[in-house]
Amino acid sequence: MKILLIIIAFVFSINGQAQTTIKTATFSVKGNCDQCKERIENAADIKGVKTCVWNEKTKVATLVFDTKKTTLELIEKAIAKAGHETSTQKVDDKAYNTLPDCCKYKSTDCKKK
């Protein structure tokens, strides 16, 4: 009986130490339209990112990623490199200027026709 209790305690201690490495995070990303959505979501498609969904109305990206494979900072840097500012990463002028006119969120708000 004691051996059974020891085995059960050991199994629970192993399960208790297992840590999940999958994390969900949200942050703001500047953009205007469906083209921005596609660009932002594609830019976030790096190793370790399971999903990225950017909401055009709220300007918020929701990510699911593996913290063993990437960091939130690296994901935001990848999005900024594609031309879209995030809550912690500023975009450089060169990347911003490559955006189509409709996607230039600093100077316009894309009007859907």
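State yes or no: is Ala61 under 18 Å from Leu99 (Cα atoms), modelled with pLDDT of 95 or more and among the aliphatic types (A, V, I, L, M)? The answer is no for Ala61.
Considering each of Lys94, Lys50 in turn, give the residue that is over 14 Å from Val29 (Cβ atoms) and in contact with a Phe, Trp or Tyr (Cβ under 8 Å, 6 or more places away or on another chain). Break it down into steps so the answer makes sense when it comes.
Details: Lys94 fails: in contact with a Phe, Trp or Tyr (Cβ under 8 Å, 6 or more places away or on another chain).
Criteria check complete, one pass: Lys50.
Residue check: Asp109 meets all listed conditions (1) over 12 Å from the mean Cα position of the chain (by Cα); (2) modelled with pLDDT of 95 or more but one, namely (2). Can you tell me which residue within segment 33-92, out of those that are β-branched (Val, Ile, Thr) and in contact with a Gly (Cβ under 7 Å, 6 or more places away or on another chain), is surrounded by the most Cβ atoms within 10 Å (Cβ to Cβ)? So, considering only residues that are β-branched (Val, Ile, Thr) and in contact with a Gly (Cβ under 7 Å, 6 or more places away or on another chain), the one surrounded by the most Cβ atoms within 10 Å (Cβ to Cβ) is Ile40.
Scanning segment 15-25 for residues that are at pLDDT 95 or above and either surrounded by 13 or more Cβ atoms within 10 Å (Cβ to Cβ) or not β-branched (Val, Ile, Thr) (or both) turns up Lys23, Ala25.
The values are calculated or read from the model by the stated rules, or taken from the named source; none is laboratory data. Keep in mind it's a predicted model, so treat the numbers as computed, not measured. All Cβ positions, even for glycine, are placed from backbone atoms using ideal geometry, and neighbour counts span all protein chains on display.
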